[in-house]
Amino acid sequence: MESGLGLNKAKPILGSGKPADANLEMLALKEEIGMAKQDWDNALRHFEYALGKDQIDYAIFAIEAAEKRYEMLLRKAKALNAHWPQWHGGEAK
């Protein structure tokens, strides 16, 4: 699509009316949030099997770090204040 000034505008995807960059950022953020949640779950499981003071201390540190990362990504998603499409199986409907 070309404007009157000869500049090309980004074409929207997923029918949201937003530039392709924003939708790709949202998809990447959604994937990163899923990975952060999985890391947090793994840290919790590691804690369950930790033996000895050092392993327990490390497991607690890992849980706290994973939780902070997950919360940070959720705040980032909320700050986008964008219309999030309905997600189904990793794909936008």
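The values are calculated or read from the model by the stated rules, or taken from the named source; none is laboratory data. Predicted model only: the values in this text are computed from it and were never measured. Virtual Cβ from ideal backbone geometry, glycine too; neighbours counted across all protein chains shown. Keep in mind that these areas ignore ligands, DNA and RNA; they rest on the heavy atoms of the full protein, side chains included. Shrake-Rupley method; radii C 1.70, N 1.55, O 1.52, S 1.80 Å.
Of note:
- Members of the stretch 43-57 found to be in a helix (DSSP H, G or I) and without any contact (Cβ under 8 Å) to a residue 12 or more places away in the chain, listed by number: 45, 48, 52, 53, 54, 55, 56, 57
- Residue within the stretch 19-36 that is farther than 30 Å from residue 67 by Cα, modelled with pLDDT under 90 and loosely packed, with under 12 Cβ neighbours inside 10 Å present: no
- Residue pairs whose Cβ atoms lie under 8 Å apart, sitting 6 or more positions apart in sequence or on different chains, and linking a residue in the stretch 25-42 that is free of Cβ contacts under 8 Å to residues at least 60 places away in the same chain to a partner that is surrounded by 15 or more Cβ atoms within 10 Å (Cβ to Cβ) and of a type in the set (Val, Ile, Thr), are 40/63.
- Only one of the numbered conditions (1) modelled with pLDDT of 90 or more; (2) open to solvent by less than 60 Å² (accessible area, probe 1.4 Å); (3) at negative phi is violated by residue 52, and that is (3).
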